[in-house]
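Shown next, in structure tokens, is the structure this report addresses.
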There are 4 protein chains.
Amino acid sequence: MYSPTIQKLIDIFSKFPTVGPRTAARFVFYLLKKPKEEIENLISSINELKNNVKICKLCFNPFQGDGELCEICQKPSRDKSLLCLVEKETDLISIEKTKKYNGLYFILGGTVSALKRADIEKLRIKELEERIKNHPEIKEIILATNSTTEGQATALYLERLLKPLNKKITRLGRGLPVGAELEYADEETLSSALEGRK
Amino acid sequence: MYSPTIQKLIDIFSKFPTVGPRTAARFVFYLLKKPKEEIENLISSINELKNNVKICKLCFNPFQGDGELCEICQKPSRDKSLLCLVEKETDLISIEKTKKYNGLYFILGGTVSALKRADIEKLRIKELEERIKNHPEIKEIILATNSTTEGQATALYLERLLKPLNKKITRLGRGLPVGAELEYADEETLSSALEGRK
Amino acid sequence: MYSPTIQKLIDIFSKFPTVGPRTAARFVFYLLKKPKEEIENLISSINELKNNVKICKLCFNPFQGDGELCEICQKPSRDKSLLCLVEKETDLISIEKTKKYNGLYFILGGTVSALKRADIEKLRIKELEERIKNHPEIKEIILATNSTTEGQATALYLERLLKPLNKKITRLGRGLPVGAELEYADEETLSSALEGRK
Amino acid sequence: MYSPTIQKLIDIFSKFPTVGPRTAARFVFYLLKKPKEEIENLISSINELKNNVKICKLCFNPFQGDGELCEICQKPSRDKSLLCLVEKETDLISIEKTKKYNGLYFILGGTVSALKRADIEKLRIKELEERIKNHPEIKEIILATNSTTEGQATALYLERLLKPLNKKITRLGRGLPVGAELEYADEETLSSALEGRK
């Protein structure tokens, strides 16, 4: 139905997260209407992304600038005894936005669903073990995975993996989120909220 | 459009919680199709509700049976040093279902939104003060209101009201509910989850 | 968890259309809080429904008043050559609200899903055949079933059943509803909209 | 919070249709993980889009190939007496998918909301008038705008504009879409469905 070039770009955009073929088509027609400069701006930005953005050697957070470490890992005032493990880059951003955490991070790069080898190999397990081994100043490891089934499976896997290292291992607190009603809360969440009352 | 009797019953059902005129009409046509015995069963059940169900003198929970106290308030094994304040009956049920709470309850009968006198007068404030005064064995008062804006306003109001009584006052723990993703959690919830890590 | 009387009424309300156990519980607690007069008003309205509301001998529409025919069937100005077949009472009301139809109705009392005998027996087929036979003034039969799979199966079944009667048989027009966008319309709807352009 | 290059690309993607900042961030992290070849493939596809895709001189549909006309406008078997006016490229595709239309198209390039001059100037009005003037073989003009408020306002505007040309002007048929229930249909749609019965 579409010209080959349009179809090719629809196929590429369709693989973007959350994008289906219909939205991908809208992206292409959106680009078709844009003036030349805006298209060039998009292309040069994508190129810059590939050329300028580095991945932090310590936490795997993307960053720009000199050296091998990202802004957070470089900052002297961050508490180096705290290591927060997150699934992905946007989770790190979510935690930073709270301004309640002053430790360091490690981006796992994914989750495990049912402890399948294929899943585990996608995580940066070796790099994580290395990081903890080389940084004896780490005292607490926070397993900040989602509280979805996959996130919990990942936390459980990491807990077992890291246990022999004799560090304090914690998870994010469970309870009622802002706006929640008791009537619609699941029993596990409500149990946690009761136990965690203060 | 509808016959007067049908319209009258639609109007009554439309006032039921969560019911609009369209659903109310479906209720009426549903009843119209039911055999006589089922209608009589409904009517006698509503009558029984009014005649047999009493309100517990202590916690205001509806109950059936002898005496003035509900099953929970009568039970010797419940921990009488804990008093959990809830907005409404279904919240009490939600907490009971967790099987993690063994104290007593008090049903407030509503929430306050903006500390308006009209709202406050709907709550059983006098009865609550009486309850706490007459039961010095109460050591902890749990403000188990929703974590909605109204629930929080109510908790705040109660906290100020009960402060002079010198009891331990707690609130349900905040944090990530089961199934939540960090990326979509609001900052306040995520902050609580971080602070409440364990 | 609930007292027997409360549980019994929750069970009854849970069978109401669109109502689950949680909403049913809210209905019961809502009734518990109502003053005696309102409860008596509800009960007398349900009783009136059973005692005062009759079912029209011709179209099966519930009505109040003298005689055996509903207001619509009695009205001399209605066009008796048009017979509109609808699934249920609320569909009749929906069509009346448009003020664009001046014929008579027949309420089928249900739909057939896959031409199962059990489904067909729930419809008023015999009564429908009787109605058409006894009213030779009927010239057009409008199959005003939903355009869902079940509604379409019912229309197809009726079309075959009524074909030998040599009446004009029509269906509601297909096309784009108010507010629809071409981009999200299914192909069948869009095809009908194209064919039905005017 | 993000590095400048990441933020810049998030800002660009945030302007894509249906994309907000959170999804835009996911796009960027998705691209960051992709190997060099995939990024180059994306960039070359965007470049090809700008370089290879032409806009049809007749209907304004994007196309690839020799000449100035798109595949549809070139095809001898298409019925040149029919002209279908659509808001945008994806609407043309939606109609083509039905395989029920064999005429030609004209892409308006937008909609008017309240007959504001700024809106009208965004439409290809002059080009449309030119098209119709130069093609006296056109007998019917189909106003295939959405049946949203804006689409209807656009159709009304076009109807008035094209009236003096003495061509047959039609609109897409209104009625119940596939899957619709009478109970939830608005009165206007149901009225159209009644009038358009067949």
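Bear in mind that the values in this text are calculations on the coordinates, not laboratory data. Worth saying up front: this structure is predicted, and the values here are computed from it rather than measured. In this analysis, Cβ positions are derived from the backbone assuming ideal geometry, glycine residues included, and neighbour counts consider all displayed protein chains.
Worth pointing out:
- Computed Kirkwood radius, in angstrom, where 1/r is averaged over Cα pairs of chain B: 20.0
- Reference-scaled alpha-carbon Rg (2.2 N^0.38 Å with N residues) for region D:57-171: 1.01
- Region B:106-143 and region C:84-121 have Cα centres separated by 53 Å.
- Computed label-point distance, nm, for sites A:Asp186 and C:Glu96 using a 7 Å Cα→Cβ extension: 4.6
- Straight-line cross-link partners of C:Lys122 among the lysines, defined as a Cα under 16 Å from its Cα and at least 8 positions apart when in the same chain: B:Lys33, B:Lys34, C:Lys88.
- Label points for D:Thr18 are taken 7 Å from Cα along Cα→Cβ. From this copy to the others they lie 1.1, 2.9, 3.1 nm apart, shortest first.
- For region A:4-52: span of alpha carbons on each principal axis (Å, largest first): 30, 23, 19
- Bridge type composition, the protein assembly as shown - antiparallel percent by DSSP, nearest 5: 15
- All other residues whose Cβ lies under 13 angstrom from that of B:Thr154 are scored, Lys and Arg at +1 and Asp and Glu at -1, for a net of 0.
- Modelled label reach - B:Lys122, point 7 Å along Cα→Cβ, region C:9-44 residues with backbone N closer than 20 Å: C:23-39
- Short to long, the 5 Å bins of the Cα pair-distance histogram for region D:36-97 hold 4, 15, 20, 22, 16, 10, 7, 4, 2, 0, 0 percent of all pairs.
- Close amide H partners of C:Tyr105, meaning residues 5 or more places away or on another chain with modelled amide H under 5 Å apart, are C:Cys84.
- Selection among B:Ile39, B:Thr23, B:Leu9 by position relative to the dipole of region B:4-52 gives B:Thr23 as farthest towards the positive end (Cβ unit charges, Cα centre).
- Rg followed by Dmax, in Å, when the protein assembly as shown is reduced to its Cα trace: 33.8, 96
- Candidate aspartates and glutamates for bridging to A:Lys15, where Cα separation is under 16 Å - those fewer than 8 sequence places away on the same chain excluded: D:Glu37, D:Glu38, D:Glu40
- Here is the list for region B:55-120: GluC sites (Glu not before Pro) lying in DSSP coil, each with at most 16 other C-beta atoms within 10 angstrom of its C-beta, are B:Glu68.
- Helix axis angle, A:89-98 relative to chain A longest principal axis, alpha carbon, degrees: 60
- Dipole magnitude of the protein assembly as shown about its Cα centre (Cβ charges: Lys, Arg +1; Asp, Glu -1), debye to nearest 20: 0
- Share antiparallel - DSSP beta bridges, chain C, percent rounded to 5: 15
- Basic side chains Lys and Arg get +1 at the Cβ, acidic Asp and Glu get -1 at the Cβ, and with that the dipole of region C:70-171 about its Cα centre reaches some 260 debye.
- By the rule of a C-alpha distance below 16 Å, with chain neighbours fewer than 8 residues away ignored, the aspartates and glutamates paired with B:Lys167 are B:Asp79, B:Glu129, B:Glu130, B:Glu137, B:Glu140, B:Glu159.
- Using only side-chain charges placed at the Cβ, +1 for Lys and Arg and -1 for Asp and Glu, the dipole size of chain D relative to its Cα centre rounds to 320 debye.
- With R₀ fixed at 35 Å, the C-beta to C-beta distance from D:Ile39 to A:Ser113 puts the FRET efficiency at about 0.80.
- At q = 0.12 Å⁻¹ the log10 of I(q)/I(0) for region B:135-198 amounts to -0.40, computed by Debye summation with a single uniform scatterer per C-alpha, solvent ignored.
- For the residue pairs B:Lys57/B:Lys168; C:Lys97/C:Lys163; B:Lys50/B:Lys163; C:Lys116/C:Lys163, the C-alpha atoms sit more than 26 angstrom apart in C:Lys97/C:Lys163; B:Lys50/B:Lys163.
- C:Glu68-D:Glu140 pseudo-label distance in nm [points 7 Å out on the Cα-to-Cβ vector]: 5.0
- Ascending list, in nanometres, of distances separating the D:Glu129 label from those of the other copies (7 Å, Cα toward Cβ): 6.5, 7.7, 7.9
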